[in-house]
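All of the numbers you see were taken from the coordinates with simple rules; none came from a lab. The structure displayed is predicted, hence computed values, not measured ones. Backbone-built Cβ (ideal geometry, glycine too); neighbour counts: all protein chains shown.
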């Protein structure tokens with residue numbers, strides 16, 4: 001009998017103009033955590049969607065599950081075999097309760113009308129949550145839960161389906177450090193129950209913490225599988241990208257900083273932040289960090305006009321700005337690259353061309369109000385090439401790109417506006433190590449050209465690598481400032497966890 005719960009062999013998938021997978025394999029043992037890694041565009045998401053029955057593979061693909069040959073042509077084929085997938089963008093119903101979300105789909109095999117058995121639904125959901133050792137109100141609407149709690153609901157649903165294999169796609173991308181630790185404990189419980197897990201992440205430290213084995217993909221091809229005990233981070237990175245990559249080196253190198261070009265004074269928004277002031281100098285990267293919920297994103301969205309402030313002043317090059325909408329911000333030289341690229345950064349069903357030209361579409365119109373398509377395509381091609389978007393097919397819809405390449409399109413979209421100040425909110429969230437270094441270098445290049453760069457990031461290695469100055473937020477306040485030459489991860493966390501937090505939080509709520 002085979003040692004493997006799942007064996008996928010000779011998996012290829014061709015889309016118009018691109019071969020996303022080329023004879024890939026994946027073998028997962030029972031009760032192990034198996035990391036699936038590779039650069040953005042390596043084929044990880046496509047492989048998982050083939051396994052889920054969303055994409056049908058090219059001819060010749062083989063699937064074996066529990067030692068038997070199986071066929072997966074649609075999502076129900078996978079769930080019936082005990083395969084569940086928790087996507088990065090959770091597939092829950094926000095207006096339904098926790099118990100309804102956990103149970104939904106259980107009656108999919110029944111024909112005709114059936115009476116809803118609420119007692120069965122409640123008992124099934126309660127049992128699944130108890131197995132995970134978590135306490136969530138069964139009647140609560142899922143849309144009101146935190147991301148971490150929503151993930152637990154997804155995992156509980158997988159248990160209700162008697163899943164033998166659970167795929168977790170970037171499960172920690174929106175979690176705080178304490179929530180990540182709770183997820184690790186859940187994964188350990190699942191392993192002890194004999195459930196296998198395929199774990200997809202770009203965070204190598206967490207991969208080494210939870211994974212037993214690694215499968216590496218590169219450019220849609222299978223590179224190899226490796227035991228965690230027999231490989232280290234640097235070897236893994238080289239296998240992923242095909243070259244040595246240095247990550248975490250400080251890129252500022254003590255570069256001289258120019259005059260103040262952007263200023264925020266006494267920004268307040270009830271329940272979000274209070275009395276926040278900052279200055280951004282020409283040629284510098286200013287980072288804002290802090291724990292999840294500290295008010296960083298809310299502040300960025302307020303500067304960009306998405307989250308209107310109660311009080312405060314914005315100045316650009318000494319001139320006070322009036323910003324009531326995001327259009328006002330764009331017209332006055334401010335760009336914002338959001339953390340949620342799929343819901344806030346892109347129109348997924350539109351082409352790369354249309355996405356990049358979206359914020360400048362009026363500038364591309366001629367006297368007859370017609371769009372200059374030649375100019376539009378030229379600009380899109382310029383950023384596709386400059387940012388190395390893969391595949392280099394500008395007419396391809398954004399939804400067909402990997403997460404990292406989607407992020408590059410979002411960056412290109414806002415660079416096309418020729419901003420004076422650009423705000424990056426978690427710019428490398430869900431992005432592979434090679435793309436991370438490219439984005440870091442891009443931010444430094446923009447700063448060198450005189451563009452003011454503000455970066456919001458939870459990843460302290462990234463903050464120390466890219467920044468000139470660091471602001472630490474806590475409960476909606478700036479609680480400390482550090483020059484990067486004096487900063488360490490320990491100092492940043494010390495400020496983020498400083499005392500008197502309850503008093504500050506109460507002040508912000510008032």
Euclidean distance between Cα centres, segment 25-97 to segment 433-490, Å: 36
Within the chain, percent of DSSP bridges classed antiparallel, to nearest 5: 55
Cα gyration tensor shape for segment 341-418, rounded if a/c is under 1.5, else prolate or oblate: prolate
For peptides 79-86, 277-284, 115-122, sequence by mean Cβ density within 10 Å, most packed first: 79-86, 277-284, 115-122
Percentage relative contact order, the chain, counting C-alpha pairs under 8 Å, at least six apart: 16
Cα gyration tensor shape of segment 311-467, rounded if a/c is under 1.5, else prolate or oblate by comparing a/b with b/c: oblate
Matching label, percent of Cα pairs over 30 Å apart computed from the structure shown, candidates (1) 76; (2) 53; (3) 45: (2)
Highest to lowest packing among 364-374, 134-144, scored as the average C-beta count within 10 Å: 134-144, 364-374
Relative packing of peptides 380-389, 158-167 - highest average C-beta neighbours within 10 Å first: 158-167, 380-389
Average Cα contact separation per residue, segment 4-241, under 8 Å, 6 or more apart, as relative contact order %: 29
